[in-house]
Structures are given as C-alpha cells and as structure tokens.
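Beneath this line is the structure, given in structure tokens, with notes to follow.
FYI, it's all coordinate maths here, none of it is from the lab. All figures in this text were calculated on a predicted structure; none of them were measured in a lab. Backbone-built Cβ (ideal geometry, glycine too); neighbour counts: all protein chains shown.
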Amino acid sequence: MGVALFDTAAPLAALHDELRAAIERVLASQRFILGDEVSAFEREFAAYCGAEHAVGVANGTEAITIALRAMGVGPGDEVVVPSFTFYASAEAIPATGARPVFCDIDPETFCVTADTVRPALTPRTKAVIAVHLFGNVAAVAEIAALGVPVLEDAAQAAGSTSTAGRPGALGAAATFSFYPSKNLGAFGDGGMIVTSEERIAEQARILRFHGSRDKVDYEQLGYNSRLDELQAAILRVQLPRLDEWAEGRRRAGRHYQQAGLGELVALPQPVSGCSPAWHLYVVSHPDVEHLEGALRAAGIGHKAYYRTPVHRQAAMRRWGAGIELPGTEQAARSHVAIPMSPVLSAGEVEEVVAAFRGSCA
Ligand SMILES: Cc1ncc(COP(=O)(O)O)c(C=O)c1O
C-alpha cells in the first residue's frame, strides 16, 4: 500500500468551506497587504504563544534576519547557530552583516544545549539561535543563562509545548515559518516574529516595511517583507485546530513507540520537560542507508533532510571550515525522517514498522 512521508491535505479537508469563506472575505475587502486579517492573526498568534507581540513577515528566513536586526545584531557581531538544521537558520545571519558561528547539537534530541553552545561563545557573540528542530523544544532558559540573548527558530515547532511555555515565549524573540508543509501552513510563504519585548516588536515592524514607520520617512535600511492578508486569513482558520493537530502528531509518535520501533532504531528523544508536536519524526541508525533501501522497496515515504550539515555547505565554507562538530556529524550520517502527520493512523504506523522489521530481520 505505502505510506506518505506527510499529509497536508487530509487535516484541511474538513475546513474547505471555512477557508473559502476566509478567502472571499479578503476578496470583498479589497485590502491585500497589512490589513485587518494580518493584525487579527498577529494578536491571535501572540496570544497562542503566550507572548505580547507578533509581527507577520514574508517567510521564516526573513523572520530570522529581521528578528536578529531588531535584537541589535549587525556587522562585527557573531551569532551562534547549530549546523544540524535547515540551511536558512544560518543563511539569515550574514544578511544582518554578522558572522555565523556553528555549534554542535545533542544527537539524541537534535537540539542545541547549554553545553553545545558554550564552546562557541566569544566576547563578540550577540545572540544564539536555538532551533527547535523537528518540533522538539530546545532548553532555552539554560542557554540564556549563559548570558546571551536567545532567538528561537521555531519554524518547525508550532504546536509544541514545554513546561516553561510554548515556543515564542521562551527567548528574547522567536521566529516561525508558515511554509505549506509546516505544522501551521499557509497556501504560500509566510512567517512571524514573536516577542514580549516592545522594542524588538517595534523594530521588527519598521524593518519589515522598508525601515519606515509611516511610508513617509525612511529611518533605516529595511525590507519589503510582509505577511499578506490572504495568508493571514487562511492561517486564522487553521490556528484554532493547531493543538488538535499537534496532539495527532504526538499520538502518532506514541504509536511508533508502542509498535516497538524503538527496538529497531533510535527514536527521537524529547528535550526534558518538552512535549513535541513532531513536525518530522526522525529516527537514527548506524546503517541508515540499508534501512532507506527497505523503506523505498515497501513504498514508505522517508527523507534524510540534512545529510550535509550547514557548516559544510559550499556557501558557508568561509565560516564553517575546520570546525569539528561530532554530534552534528553523527546525526547527519544516521538520521532519516519517516511518515508523520496529524492524521497518521495506527495501521499506517504498523506498516512502517513492519518495513523496518523486515529490513532488520
Ligand atoms: C528550522 C527552519 N528555519 C527556518 C526556515 C525557513 O523558513 P521559510 O522557508 O519560511 O523561509 C525553515 C523552513 O523552511 C526551517 O525548517
């Protein structure tokens, strides 16, 4: 039969009428950029995260660049970032004029920790980007206790929770991506900066609009980086369902455990105190290529997202050369994402685990 790596269609099936109504509402308003839908979604999303402010931007990559600049990062500064992440987490740093400094991760959780960040700190460190990878929630408070402001890259962690709060309420600021396959996905690109610091929110609002407060005076070099009304209206329909979808992802993770997958491969470990809304369910095995072959033969969707870590990508060579990151290399070598979605059934999980069992026999 086969099982797809993810399913963006089924969770939305029950929402088609509401989504059409939201699109019609925008059409009737004839307001397409920075109008009532964006303002309302910003309020609703900030409240969901447990933060004071949310600033809609064009995508999750520019959200990071703008948030860093709003936090005061600029030329001559260093920003610590994990190398085991999507490329954009690091790509957003040189765009501020600052230099990315790559740090390691804990390969069991795929997240940065205070211990992996500490060796990368220097007197020039202006911020640390804690990526909540695959929906896990990095230990932000422990990293902030090192004395450096933390920007949460929460692109993959909408719907996740931790005992300290939700992503978005843990660091100085957080950024989200609404890329269509994310836990909360738009019908195009979109992003958000969330913060409880008034100064950061104000700067982010200015920077997203050409460095201007009023379209008359231009006080900084900024960006044209705005979330548009259609995407905001579509996301407002989905936000009230995010917790239910997150629970579906957690339930699928529990099914994998109950079906015995942990006897065959290493399962992703939640960071202490965290309840991940698994964006991707990523398992590890020393002979992962053999397993990938078996999954392919059984029609099971799978993908190794970050086989080449960011610090070894050609465009990052000038900042990544000569760095040794053993946890990153281990994760890069041995990981593979397997099917995960809010609607992944116990039967589909059984089918995936059976393919693993066959390959391990
Ligand atoms: C961890 C991480 N950071 C940043 C981004 C960038 O987001 P976007 O694609 O919306 O620019 C993504 C997703 O694509 C991501 O997964």
- line: Between Phe187 and Arg124, the FRET efficiency computed from the C-beta separation at R0 = 30 Å comes out, to the nearest 0.05, as 0.15
- request: Just tell me which lysines come within less than 29 Å, Cα to Cα, of Lys303; anything on the same chain fewer than 8 places away is out.
  value: Lys182
Restricting the range 16-106 to chymotrypsin sites (Phe, Trp or Tyr not before Pro) in coil, as DSSP defines it, with at most 16 other Cβ within 10 Å: Phe32, Tyr87
message: Which one, Val288, Ala332, Gly358, is farthest towards the positive end of the dipole of the range 260-361 when Lys and Arg carry +1 and Asp and Glu -1 on their Cβ?
response: Ala332
- prompt: Going by the alpha-carbon gyration tensor, a ≥ b ≥ c the square roots of its eigenvalues, is the chain rounded (a/c under 1.5) or, if a/c is not under 1.5, prolate (a/b greater than b/c) versus oblate?
  reply: oblate
task: Quick one: order Lys182, Lys303 by neighbouring beta-carbon count within 10 Å, fewest to most.
output: Lys303, Lys182
task: Quote the charge dipole size of the range 232-361 about the Cα centre in Debye, to the nearest 20; the model charges only the Cβ of Lys and Arg (+1) and of Asp and Glu (-1).
output: 480 debye
message: Can you show me the helix-derived [θ] at 222 nm for the chain, built from DSSP H runs with n ≥ 4 at -39,500 (n - 2.57) apiece and divided by the number of residues, rounded to the nearest 500.
response: -10500 deg cm²/dmol
